[in-house]
Amino acid sequence: MTLFAGKTALVTGGSRGIGRAICLELAAGGATVLVNYQRSGEAAAAVVAEIAAHGGEASALQADVSDEAQVAQLFKQARALAGGLDILVNNAGMTRDNVIMMMKPTDFDDVLATNLRSCWLCCKAAARLMMRKRSGSIVNITSVVGIAGNGGQTNYAASKAGIIGLTKSLAKELAVRGVRVNALAPGFVDTDMTASLSPEHKQSALAAIPLGRLGAPEDIANAVAFLASDQAAYITGQTLVVDGGMVM
Ligand code: NAP
């Protein structure tokens, strides 16, 4: 309960799936959690209510994090509510899969904007607050697809590989200011994002996971909490793979 006592965390895309689990885990550690969402206002309110029911503090903040003006407004609200920011988790993401011959340029642009541009915009806004405090931890959610690639996901893989490069570069920039920046690469996690995949696709993914099960959002949230905490005080610029052994 004391790991994050007195700390404020902002989680983008905190309304559902992995982001929701991260919000609950950081709140369980004592953080005040700012739950960003884009469209799922009711789900975000439910996350806030669940945190409050366990004695924690949280607020839901609506913003499309791919939009510069909305990110500026989001961080203004975060400052007004909490005074500063100790932890940022860039989790918001989307897929729009297709083979390259069928993929439209807008499918590429939209996925890059939601997954990578949002991460850059939020890192920049958070860096401003964290550098002032000379402390902070940023965790960027990438994917094993950004490391290993995946047919049908040229847009998504590019966005997630980009997050890894962004993370390493920013870690080098901010280390001297006491701010750590790491990435976390989930494998195949059971959420809305993967719900629409065919049973055959899920079965073949499962066959490639040595630990023999799909990931749960809580598996990812536990590892994010570690990277965000002082237990990872000597870790920066790294990509932690959490995938049941799928990509080694
Ligand atoms: P999900 O269930 O589809 O949830 C996506 C979340 O992102 C939602 O909370 C959604 O908010 C939010 N979001 C999307 N676009 C946004 C925007 N422009 N601004 C603000 N929020 C936005 O996805 P998930 O499976 O939990 O994935 C979470 C992250 O993990 C993503 O970055 C994903 O790429 C990554 N990941 C997932 C897997 C997996 O197997 N599931 C594997 C590797 C990596 P609203 O609903 O409020 O719009």
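Taken together, the values in this text are just the output of simple stated rules run on the coordinates, not laboratory data. Everything quoted here is computed from the prediction, not taken from an experiment. Cβ placement follows ideal geometry from the backbone for every residue including glycine, while neighbour counts extend to all protein chains displayed.
Highest first, please rank the peptides 124-132, 229-237 by the mean number of other Cβ atoms sitting within 10 Å of their residues.
Listed from highest to lowest mean packing, they are 124-132, 229-237.
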message = Compute the helix-to-body angle for 41-53: its Cα long axis versus the longest principal axis of the chain, expressed 0 to 90° and rounded to tens.
response = 50 degrees
ask   = Which Cα, out of ALA60, GLY41, PHE4, lies furthest along the positive dipole direction of the stretch 1-81 (beta carbon charges, K/R +1, D/E -1)?
value = PHE4
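Counting alpha carbon pairs within less than 8 Å and at least 6 residues apart, what relative contact order, in whole percent, applies to the stretch 166-231? Please report the intermediate quantities before stating the final value.
Working: 33 pairs, mean separation 19.7, N = 66.
For the stretch 166-231, the relative contact order is 30 percent.
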key: Binned Cα-Cα distance frequencies in the stretch 107-222 - 10 Å width, integer %   = 13, 38, 32, 14, 3, 0
Inter-part distance where the stretch 177-203 and the stretch 156-176 are each reduced to a Cα centre, Å = 17 Å
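What length, rounded to one decimal in nm, is gained on full extension from LYS202 through to ASP67, with 0.36 nm per residue of separation minus their alpha-carbon distance? Working shown, then result.
Working: separation 135, 0.36 × 135 = 48.60 nm, distance 3.30 nm.
So the extension gain works out to 45.3 nm.
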ask   = So what is the orientation-averaged projected area of the chain, using the convex hull of its C-alpha atoms, in nm²?
value = 12.7 nm²
ask   = So what's the Cα pair-distance distribution over the stretch 12-132, bin width 10 Å, in %?
value = 14, 43, 30, 10, 3, 0
task = Determine which lysines satisfy two conditions relative to LYS172: a Cα distance under 21 Å, and not lying fewer than 8 residues away in the same chain.
result = LYS124, LYS133, LYS160
request  = For the stretch 170-220, state what percent of all Cα-Cα pairs lands in each successive 10 Å bin, counting from 0 Å until the bin that includes the largest distance.
outcome  = 21, 37, 17, 19, 5
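Using helices alone, what [θ] at 222 nm do you get for the chain, with -39,500 (n - 2.57) per DSSP H run of 4 or more residues, divided over all residues and rounded to the nearest 500? If you can, show how the numbers build up before the last one.
Details: 10 runs with 114 residues, N = 248.
Counting only the DSSP helices, I get -14000 deg cm²/dmol.
Which whole-number percent gives the relative contact order of the stretch 85-200, counting Cα pairs below 8 Å spaced six or more residues apart? Could you put the intermediate results ahead of the total?
On the way: 175 pairs, mean separation 37.1, N = 116.
Result for the stretch 85-200 is 32 percent.
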